[in-house]
Amino acid sequence: MQRARRAAVAYALAGLAAICGAVFLFVGLFIWASERYGDLEAALGIGVCFVVIAVVILIIHRITAGFRARREARRRRADMTAAGVATAIALLPSLLRGKGGLGLLLGPAAAVLAYAIYRENVGSDDDEDPDDQI
């Protein structure tokens, strides 16, 4: 715990020093730009640069957030499928042992098979080229 506390203090001090250094670099940039272009032009130019940087950061964040959301959804679907398969495998012996065990398995299995056939046939219409139908 003591080592973690020392590391946290060291990182906090290093971060504070980095922020101070960045502030002085920006002040230096402003002084240089104001001597070269004038005070108002330097302030406007640096302000516009920071607004553009902020907009670019937000756009990148929006794009990556969409990718992350889709990846999380795919992972969630895969996890749910794996959980369903594991549950089915765990219940299979007890279902087969019961009186109507085979009948209990054939009904849902037929429904899953019919749904898979339906999905395969519905998806094939979207893949066809509309010019081929003429």
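The values are calculated or read from the model by the stated rules, or taken from the named source; none is laboratory data. Keep in mind it's a predicted model, so treat the numbers as computed, not measured. Note: ideal-geometry Cβ built from the backbone for every residue, glycine included; neighbour counts use all protein chains shown.
Output yes when any residue across the range 37-48 is loosely packed, with under 10 Cβ neighbours inside 10 Å, modelled with pLDDT of 90 or more and more than 30 Å from the chain's Cα centre (by Cα), and no when none is. It would help to see each step written out before you state the result.
Keep residues of the range 37-48 that are loosely packed, with under 10 Cβ neighbours inside 10 Å, which gives 40.
Imposing the further condition that a residue be modelled with pLDDT of 90 or more reduces the set to 40.
Restricting the remaining residues to those that are more than 30 Å from the chain's Cα centre (by Cα) gives 40.
Looking for residues that are loosely packed, with under 10 Cβ neighbours inside 10 Å, modelled with pLDDT of 90 or more and more than 30 Å from the chain's Cα centre (by Cα), one finds at least one in the range 37-48, hence yes.
Conditions: (1) at pLDDT below 90; (2) surrounded by 10 or more Cβ atoms within 10 Å (Cβ to Cβ). ILE31 meets all but one. Number of the miss?
(1)
With respect to ALA33, determine if the residue is over 30 Å from LEU106 (Cβ atoms) and in contact with a Gly (Cβ under 7 Å, 6 or more places away or on another chain). Walk me through how you get there before you give the answer.
Values: over 30 Å from LEU106 (Cβ atoms): yes; in contact with a Gly (Cβ under 7 Å, 6 or more places away or on another chain): yes.
Considered against the rule, which asks whether it is over 30 Å from LEU106 (Cβ atoms) and in contact with a Gly (Cβ under 7 Å, 6 or more places away or on another chain), ALA33 comes out as yes.
Does ALA42 satisfy the criteria of being part of a helix (DSSP H, G or I), touching a residue at least 12 places away in the same chain (Cβ under 8 Å) and of a type in the set (Gly, Ala, Ser)? Even if it seems obvious, please write down each step before you answer.
Values: part of a helix (DSSP H, G or I): yes; touching a residue at least 12 places away in the same chain (Cβ under 8 Å): yes; of a type in the set (Gly, Ala, Ser): yes.
Spelling it out, ALA42 is indeed part of a helix (DSSP H, G or I), touching a residue at least 12 places away in the same chain (Cβ under 8 Å) and of a type in the set (Gly, Ala, Ser).
For the range 89-122, which residues satisfy the criterion of being in a helix (DSSP H, G or I), small (Gly, Ala, Ser) and modelled with pLDDT under 70? Write out each step before concluding.
We begin by selecting, within the range 89-122, every residue in a helix (DSSP H, G or I); these are 89-97, 101-122.
Pick out the ones that are also small (Gly, Ala, Ser) and you get 90, 94, 101, 103, 107, 109-111, 114, 116.
Scanning the range 89-122 gives GLY101, GLY103.
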